[in-house]
Structures are given as C-alpha cells and as structure tokens.
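Working notes, beginning with the structure itself.
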C-alpha cells in the first residue's frame, strides 16, 4: 500500500471518528434550545462560514462558480441530503444510542456504496460486488444486531 493511500485512509478514518462527537455536540445544542433542527441549522451555518473562510484563505477563484451551470440540478440536493443526515442523527441518536445509530449509518453506507461501486454510478470507478464484499456487509449487519441486542 502506498504511503499516500495510508494517509488518506487515516484522514477518512478520523473524519468518521469525528461524526459521533459532532452528533453529541449538536445534540447538546438542540437540547439547550429544545429544537434539534435548530442544532442542525447552526451546524451548517457555522460550517458554511468556516468553509467560506477557507476558500478566502486559499484564494479560491469565485468566478469559476459559473462552471456549475453545467451540473445537473439533481446534484444540488446534496445539501438537503446532508441536512437530512445531520438532523436525523441529532433526533435519533439520543433514543437509539450512539453505537446503534452509527452502526446503522455505516451499514446503510456500505450497502449503497457497494451498489454505487458495482455500477460506477455518480462518477465512481467500477468495483464489482463479489462474495468478499457481501461477506463484509454481512459482518457489519451482524455487528449491528449484536450492538442492538447488548
């Protein structure tokens, strides 16, 4: 394995590890104002400001935004999908618990990821579904069941 791939894998692992922490922070904001959707709104607002500041810092060429006219309107729903995800976690994690919530999230991600890879959808490279990948999903589902039971 190349060193650059290992670094990328570590960064993605860290990104995944941060999600339950983010959920906990958002849950506390939602509890404080007694409205979990406000916590999701605040999270996206602060994230938007942080990303804007980053773009300024790297001197992003904002005139290149015109190129987004060629992007399908469907792809702009990504923000809605992100809002649904964050709001769902804020609302559901306190009821199901962090481990079960994120086990189900990972299970859902794995199943959809296999489909996206298998057919090369949304620009992903084709990686066909095989018995090893299916076995991995089965182990994840079994893990979810164990976490749910105990």
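Worth pointing out:
- Test result for residue 60, in contact with a helix residue (DSSP H, G or I) (Cβ under 7 Å, 6 or more places away or on another chain), more than 19 Å from residue 105 (Cα to Cα) and either at pLDDT 95 or above or part of a helix (DSSP H, G or I) (or both): no
- Selection status of residue 83, touching a residue at least 12 places away in the same chain (Cβ under 8 Å) and over 30 Å from residue 142 (Cβ atoms): yes
- Subset of the range 124-137 (residues that are part of a helix (DSSP H, G or I) and either farther than 15 Å from residue 111 by Cβ or over 21 Å from the mean Cα position of the chain (by Cα) (or both)): 131, 132, 134, 135
- Filter result for the condition that a residue is in a helix (DSSP H, G or I) and modelled with pLDDT under 95, over 32, 87, 78, 17: 17
- Residue 1 vs. criteria out of contact with any strand residue (DSSP E or B) (no Cβ under 8 Å at 6 or more places or on another chain), more than 17 Å from residue 89 (Cα to Cα), at pLDDT below 95 and not in a helix (DSSP H, G or I): yes
- Cβ-Cβ under 7 Å pairs, at least 6 apart or on other chains, the range 119-131 side under 20 Å from residue 72 (Cα atoms), far side in a helix (DSSP H, G or I): 122/116; 124/116; 124/117
The values are calculated or read from the model by the stated rules, or taken from the named source; none is laboratory data. In this text the structure is predicted, and so the values were computed from the model without any measurement. Don't worry about glycine lacking a Cβ; one is built from the backbone with ideal geometry, like all the others, and counts go over all protein chains shown.
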